[in-house]
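Right, one structure below, let's go through it.
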Amino acid sequence: MQRTFDTFSIPKDLHITEARAGETHIYVTWSDGHKSSYSWHFLHPGAHSAAKPMTDVVPVLWNAREINLREPRSIKYAQVMDSEAGVARLTMNIRTLGFSFVTDTPYEDPNDTKRLLERIAFIRQTHYGGFYDFQPDLAMADTAYTNLALAPHTDNTYFTEPAGLQAFHCLAHEPPKGQADAPGGDSLLVDGFKAARMLAEQDPDAVGILSNVPIPWHASGNEGITIGPDKLYPVLEFHRRELHRIRWNNDDRGVVPISELGTGKSVEAWYEAARKWDQILRSQEMQYQFKLTPGTVLIFDNWRVLHGRTAFEGIRRICGGYINRDDFISRFRNTNYGHESSVERILR
Ligand SMILES: [Fe+2]
């Protein structure tokens, strides 16, 4: 569906010599002899508005109490694997709530989880690899590979384009030697869009600082690897006054750059804003906490929902992978709206 003529070969003084209005289209003959037709729908002024949203989905914001009341949060593995309608429901869940569970997933072989993710799109390769299946052994020099508690964060703050989706499947959690139970390891999710709204209610200036001060982020723990984004990015990125993307992992944050703060702002003000943001993210009110068990896959929007976990004992085997934002949204659009309508949505 690419343009098949050279726009700039059209004479500059082109004008209409004849126009005829039909029921669905208007038919135009131009001064150089070529003919065009345009649907009335195409010519509708609103159809070209640069301000129209990229998708029709209005996110449903939640805190811990609200998400526990909200259904459906899950879809069955077989539905996603066997039908496009299943993929449509899964991706719609992720678009509206920021995440979805996929239940009844086989867990003997991690390849079944890989195939599930590939129903959305191909898995992204990073310096950690592609589809992963790991036990905490610090092999990759990252806190994710330990058994420590992890505060709510987004992944890939250090990439120019952080992964759109992240997925976890806990294949096993075995107790430590000599113990009957395998304690800890609860997962937690926070709706970052809801958290930002709360911060705006408490302290609008804090949102201003977190969205205006660009911050360096990095991944440098592995020999020979020094990754940072193409430019500095703020914690909160807005697009036409709508919150668009959250980038937050205090462990991967660089130094708050004094030179970027501008007049009238202090480093202390950034830390004060970040402290308030962090407090909201860590509050019981905001943290949706649950234990992932074999068979239930969690897939979430890494640009909106922050994830973390409690400390744990024993051996935990987790598999999962990243999916690019653009490929996820393309699949979401095509399964929910069809190809023609999806093209309409992005062309203008
Ligand atoms: Fe993470």
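The values are calculated or read from the model by the stated rules, or taken from the named source; none is laboratory data. Please read these numbers as outputs of a predicted model, since none were measured by experiment. Heads up, the Cβs are rebuilt from the backbone with ideal geometry, glycines too, and the neighbour counts pull from every protein chain shown. Ligands, DNA and RNA are excluded from the accessible area calculation, which covers all protein heavy atoms including side chains. Shrake-Rupley method; radii C 1.70, N 1.55, O 1.52, S 1.80 Å.
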What part of the accessible area of the chain, given as a whole %, is carbon or sulfur when the probe is 1.4 angstrom? 52 percent
By the gyration tensor of its Cα atoms, with a ≥ b ≥ c the square roots of the eigenvalues, what is the shape of region 1-43: rounded for a/c under 1.5, prolate for a/b over b/c, or oblate? oblate
For region 169-183, Karplus-derived ³J(HN,Hα) couplings (6.51, -1.76, 1.60; θ = phi - 60°; whole Hz; x for glycine and proline) come out as 9, 7, 7, 6, 9, 9, x, x, 3, x, 10, 8, 10, 10, x
Taking 31-44, 312-325 and ranking on average Cβ neighbours within 10 Å, highest first, one gets 312-325, 31-44
Taking square-rooted eigenvalues a ≥ b ≥ c of the alpha carbon gyration tensor, is the chain rounded, prolate or oblate, where a/c under 1.5 means rounded and, failing that, a/b exceeding b/c means prolate? prolate
In terms of the alpha carbon gyration tensor, root eigenvalues a ≥ b ≥ c, rounded if a/c is under 1.5 and otherwise prolate when a/b exceeds b/c or oblate, region 164-259 is oblate
Rounded to the nearest 5, what % of the DSSP beta bridges within region 64-337 are antiparallel ones? 95 percent
At 1.4 Å probe size, what's the solvent-accessible area of Val207? Round to the nearest 10 Å². 20 Å²
Could you tell me which residue out of Ile323, Ile94, Phe159 lies farthest along the dipole of the chain toward its positive end? Charges go on the beta carbon: Lys and Arg +1, Asp and Glu -1, centred on the Cα centre. Ile94
Scan around Ile215 for amide H atoms under 5 Å from its own, H built in the peptide plane at 1.01 Å from N, and keep only partners 5 or more places away or cross-chain. Tyr233
Net charge near Phe131: determine it from the other residues with C-beta under 11 Å of the C-beta of Phe131, scoring Lys and Arg +1 and Asp and Glu -1. +1
In Å and whole numbers, how far do the C-alpha atoms of region 265-328 stretch along each principal axis, longest first? 48, 36, 21
Heavy-atom surface of the chain, accessible at 1.4 Å and reported per residue (Å²): 53 Å²
Please list, in order along region 149-165, the HN-Hα scalar couplings obtained from phi with the Karplus expression 6.51 cos²θ - 1.76 cosθ + 1.60 (θ = phi - 60°), rounded to whole Hz, x for Gly and Pro. 5, 10, 5, x, 8, 9, 8, 6, 4, 8, 9, 4, 10, x, 4, x, 10
So what is the calculated 222 nm ellipticity per residue for the chain, using -39500 (n - 2.57) for each DSSP H run with n of 4 or more, over all residues, to the nearest 500 deg cm²/dmol? -8500 deg cm²/dmol
